Amino acid sequence: MPATTQTTQQSQTEPRRKDVQKTFWTDSNGDTKLAALAALNDCSQGALVRNLVDEAFTEAFDDLDPAHIEHGRVSVEDLQALANGETTIEELDVESDPDTSIAEYEPDSYYLTVTPDDLAEPGPELDWETLRDAVKNPEDGGYWNDDLEIHESRVGEDTLKASHRPAARILTGLARSRAYENGVVPRETIDDLVDTYCLHLTNRVADAEQERGEEHIRETYTNLVTDQLYENPSPTADSYYCSKDALQMRLQTELDMAQSVAERADIITDFDAWKLTDDADDDDETNELRDKWERDLARWLKDIARAKQTGRTYATELRRGDYEIDHADESMTAFDAVHARLHDALEAVDDLPADVKTDLIDRLDDAVVTAIAGD
């Protein structure tokens, strides 16, 4: 049954509480789902619901005799402990009066608790309170971590409130759901999410103030979201990694690249040595060969820029993290390794002819040139 299923607690003769919405099963979407599942199982809708309840009960409470619950021998706390694996049926004290029986239990929420899987899948919109509670820290009863995703169907365009931490985490969950397979979220995705879900938060009413208010919202919430993510170390990429694990995989790749950059330095910066390793025909025109050499050299310099930017952006992580380092003693950190490899490579760059350096600058993006030249 969907995570947002709701049960009505009052009889029809009692006033309806303002915070109690219609039950899920009274809308056409829920009715259609129930009818489809009943047709799939070739049974009545009532039989289907009974079967689902039996399966859920067994999964939560194993072989507990429902009679113990019916006669008030098991407390709500007992049921929670049993479902959480904190006790067993044999350990339950069914002879004493329970602290809170099922008949006396008043739920804090009229909704079933959502799970991380519920949040990541398409489904009905969730209200602010449900989303806010879901993105709390685990010690506070929430699910917040680097892997939490929230499907866009779960959040209405006017759902978020001007509460920075939960709103930023909800937006981050939305961003993760739109990430590429390598765990990267483009900056433009974050901008789009902020425009879609946050612009209603501005309190600027006058037309002259509205634009300034929206820009403030954009700047504020974009920064809040990017603070939850991990900057892509590439000097030419405007994107972010969703999780620390994805970032560390990228950093290991950059560390390996720094090793490769250093190993290729002497050959790639020497035209004659490069020509011998490129299976070039000595009869080819020299200008064509030099042009191809400079293209390879430019790609190599881009690798230097990436590795250097990585070391600068994530110096602390590379000093503390556990990474594989080739040809290094135990005392060398990943940051030390990147620095040493790039130092060797850049020494070879210094020996390039001035005209070659000039041509290379024309081939490279400004961001790459800056990354190479920066300290």
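The values are calculated or read from the model by the stated rules, or taken from the named source; none is laboratory data. Source: prediction; values computed, not measured. Neighbour counts are summed over all protein chains in view; Cβ atoms, including those assigned to glycine, are modelled from backbone coordinates with ideal geometry.
Worth a mention:
- Helices (runs of 4 or more DSSP H) wholly inside region 246-340 containing at least 1 residues that are in contact with a helix residue (DSSP H, G or I) (Cβ under 9 Å, 6 or more places away or on another chain) and under 23 Å from VAL185 (Cβ atoms): 286-313, 315-320
- ASP278, sole failed condition from (1) in contact with an Asp or Glu (Cβ under 7 Å, 6 or more places away or on another chain); (2) modelled with pLDDT under 85: (1)
- Residue selected from region 358-373 under the condition loosely packed, with under 13 Cβ neighbours inside 10 Å and more than 31 Å from the chain's Cα centre (by Cα), by the criterion modelled with the highest pLDDT: THR358
- Unique residue being outside the structural domain of VAL356 (by TED's automatic domain parsing), at pLDDT below 90 and touching a Leu at 6+ places or on another chain (Cβ under 9 Å) when the list is LEU193, LEU224, LEU201: LEU201
- Count of region 288-300 residues, restricted to those that are modelled with pLDDT under 85 and under 22 Å from SER234 (Cβ atoms), is 0.
- The combined condition, being assigned to a helix (DSSP H, G or I) and of a type in the set (Asp, Glu), is not fulfilled by ASP146.
- Some residue of region 96-114 being under 22 Å from GLY142 (Cα atoms) and either of a type in the set (A, V, I, L, M) or at pLDDT 80 or above (or both): yes
- In region 68-94, the qualifying residues are those that are among the acidic types (Asp, Glu) and under 17 Å from GLU104 (Cβ atoms), and the one that is surrounded by the fewest Cβ atoms within 10 Å (Cβ to Cβ) is GLU70.
- Filter result for LEU131 (touching a Pro at 6+ places or on another chain (Cβ under 8 Å) and part of a helix (DSSP H, G or I)): yes
- Only one entry of ILE304, ILE325 meets the criterion of being of a type outside the set (D, E, K, R), within 25 Å of SER239 (Cα to Cα) and at pLDDT below 90, and that entry is ILE304.
- Some residue of region 193-210 being assigned to a loop (DSSP other than H, G, I, E, B) and among the basic types (Lys, Arg): yes
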